[in-house]
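Quick note: the coordinates plus some simple rules give every number you see, no bench work behind them. Bear in mind that the values here come from a model prediction, so they are computed numbers and not experimental data. Reconstructed Cβ throughout: ideal geometry from the backbone, glycine too, with neighbour counts over all protein chains shown.
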């Protein structure tokens, strides 16, 4: 069996066939409409959850950003006081914070994509449910048992498929969010327990880690130099102003 | 023929494209079975583009059942593999 027939089967199987059992087809219409509204509420909730998750990550990123700024000014202070050794330690910490911030930003971008997809699904379902509601009232008004069965069936399968699509989209978004959160949680734990200074070292071999240390200590050196220049500029300025 | 691309839209695709769609579908099955991950994304895109470029968009207010459902454009190789193993779309 090909990919398409499997996919088609999966989507169709998401939609229950209980609907056919009602004695009066008109009841089927109302019952299905309730189900559609429920499905719509579910997708709206998922979008909200996504927004909350993003907000949480943004707060976390904000804290890391603040930490970065604090570390920079600490390094400057240390240099000012002639404690280059201390400045080095502070700047190494800053490198870890930079990696942490990058990881958070990647996760945020991932959630952004999921949110867009769910919002699109929500808008589509909203239109379908609206169309169904109109059709439902028309069918009920011109009710004729023999015809109704067929027309109801057509309208139902159209909207039910949309519900199947939406429910798969929700499941995927949730499973992606869970794995993102698991990753973020694992990094946090390792940092807290001190096992890991640099979260991005995960899964890298020793050579890669050594190379990164080199480039990281190069950035520390660069920054020491930059801070020194800044301090030197500052004092020249002060001297000039003092003239 | 009405074709749905999951999380996107429904299209009305002229019948003459069915054979091409089927043959890409078969190629995708082979790719998944052989585990040729690198070939997967381009082939999937080819399949979705065939529908997007040659089908007419079904208005969203229209309530119509699809004859065929195509996967999400971002379905991963792992998701596709579990789809073939009959585990469904979401791997546990």
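Within the stretch A:81-92, the only residue that satisfies the criterion of being surrounded by fewer than 16 Cβ atoms within 10 Å (Cβ to Cβ) and in contact with a helix residue (DSSP H, G or I) (Cβ under 6 Å, 6 or more places away or on another chain) is A:86. For residue B:61, the test of being in contact with a helix residue (DSSP H, G or I) (Cβ under 8 Å, 6 or more places away or on another chain) and either more than 13 Å from chain A (Cβ to nearest Cβ) or outside any helix (DSSP H, G or I) (or both) is passed. Across the stretch B:1-45, the number of residues qualifying as touching a residue at least 12 places away in the same chain (Cβ under 8 Å) and within 13 Å of chain A (Cβ to nearest Cβ) comes to 26. A single entry from B:83, B:70 fulfils the requirement of being touching a helix residue (DSSP H, G or I) at 6+ places or on another chain (Cβ under 9 Å) and within 14 Å of residue B:6 (Cα to Cα): B:70. Within the stretch B:60-80, is there a residue that is more than 27 Å from residue A:163 (Cα to Cα) and surrounded by 15 or more Cβ atoms within 10 Å (Cβ to Cβ)? Scanning the stretch B:60-80, I find no residue that is more than 27 Å from residue A:163 (Cα to Cα) and surrounded by 15 or more Cβ atoms within 10 Å (Cβ to Cβ), so the answer is no.
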